[in-house]
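Report on one structure; see the data block that follows.
The values are calculated or read from the model by the stated rules, or taken from the named source; none is laboratory data. Since the model is a prediction, treat every value here as computed from it, not as a measurement. Positions of Cβ are backbone-derived with ideal geometry, glycine not excepted, and every protein chain shown enters the neighbour counts.
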């Protein structure tokens, strides 16, 4: 009998220990998941909202779109223009663009005021559009027989969007005459982030479109090519450059500057992470062109060259951005692009606090000149900012 009692007592203790372990585990997991704080209540509130829409809303509701909009609103509430939510599709596009690659037919477009059609602003080299013979200035009037006169750019993008390898037939007007329909293939388009040439007076000109993937090597190659061809000074143009990767910008600064600090990152605790350049440098007179659409790595690039007394800056005051972002993949396939730190120049200047970089020589453009420059139609001899840079170097 005593043996039976001992067995029952042992079983009871085992069950108690098992229950206690489960309770501790549940409390630990629950705390980790936020089940005992306001966050869990927020999740319950959102779930209840979705259920109410699902059960009682009289119209049609796209649950994926509702969730995407809710996530966008959550990040938007931070009131930080540099932080945003990306759907899975947008995240894939973001990855491509950060590598200077995107999907499409290979053109940039604007609305043509005269015809209300869609005018091709530029054609990317070696793209499907380039191979098919499309030219800047052509006006697209229809896609697959459907008129696009009066359509907006976003609607056109949706109309053209298709699977890689599929085709679209564009009806195109050139020089006010309808030409034969042109078939183009939807695929990957590669962007060359750097354009360069030699100008009069042995002045090398390098336009940096962005600091995304591959821009560092392309810039270094451009500098070396121009030096081999006898360049005695250079103009670096970062007007309209929206920035890119710190690693690419640092590679460029390291190639140009002597030994020293070329990037200072500061985390939310105030800790600094500094990138240093190597001793080798290129010592020739330089000018950097900037405008109000130069921000992030572009304005930092110009500010660093200015603080090293390496280059004179010309143009218009830059945007003023000094926050750095990280992109985090989310479980559903989307991502959050979130400001996680800030950066300071070598002299510990916050470009945000300074309101942007004020150029050494402030040269404005008229609205007409700015529009023509943005479209790529402004000739060098009509560009007041470039002319000012050339005058300084000459």
Note to self: in contact (Cβ under 8 Å) with a residue 12 or more places away in the chain and not in a strand (DSSP E or B): is that true of residue 248 in this structure?
What the structure shows: yes
Check: Any idea how many residues of region 175-197 are surrounded by 15 or more Cβ atoms within 10 Å (Cβ to Cβ) and without any contact (Cβ under 8 Å) to a residue 40 or more places away in the chain?
Finding: 2
Item checked: Selection within region 204-220 - in contact with a strand residue (DSSP E or B) (Cβ under 6 Å, 6 or more places away or on another chain) and either surrounded by fewer than 23 Cβ atoms within 10 Å (Cβ to Cβ) or without any contact (Cβ under 8 Å) to a residue 24 or more places away in the chain (or both) -> 205, 206, 207, 212, 218
Margin query: Could you list, ordered by first residue, the pairs with Cβ atoms under 8 Å in which the first is in region 265-287 and touching a residue at least 40 places away in the same chain (Cβ under 8 Å) and the second is in a loop (DSSP other than H, G, I, E, B) and loosely packed, with under 14 Cβ neighbours inside 10 Å, at least 6 apart or interchain?
Written below: 284/232; 285/232
Check: Looking at region 109-124, is at least one residue outside the structural domain of residue 142 (by TED's automatic domain parsing), assigned to a loop (DSSP other than H, G, I, E, B) and in contact with a strand residue (DSSP E or B) (Cβ under 8 Å, 6 or more places away or on another chain)?
Finding: no
Notebook entry, point to check: Can you name the residue in region 192-227 that is part of a helix (DSSP H, G or I) and under 12 Å from residue 249 (Cα atoms) and is also nearest to the chain's Cα centre (by Cα) among such residues?
Noted result: 215
Next item on the list: Answer yes or no as to whether residue 372 is over 21 Å from the mean Cα position of the chain (by Cα), more than 20 Å from residue 272 (Cα to Cα) and touching a residue at least 60 places away in the same chain (Cβ under 8 Å).
Entry: no
Next item on the list: Kindly provide the set of residues from region 256-273 that are within 23 Å of the chain's Cα centre (by Cα) and either in a strand (DSSP E or B) or not assigned by TED's automatic domain parsing to the domain that holds residue 340 (or both), ordered by number.
Entry: 262, 263, 264, 265, 266, 267, 273
Check: Would you pick out the residues in region 141-166 that are surrounded by 14 or more Cβ atoms within 10 Å (Cβ to Cβ) and assigned to a helix (DSSP H, G or I)?
Finding: 156, 159, 160
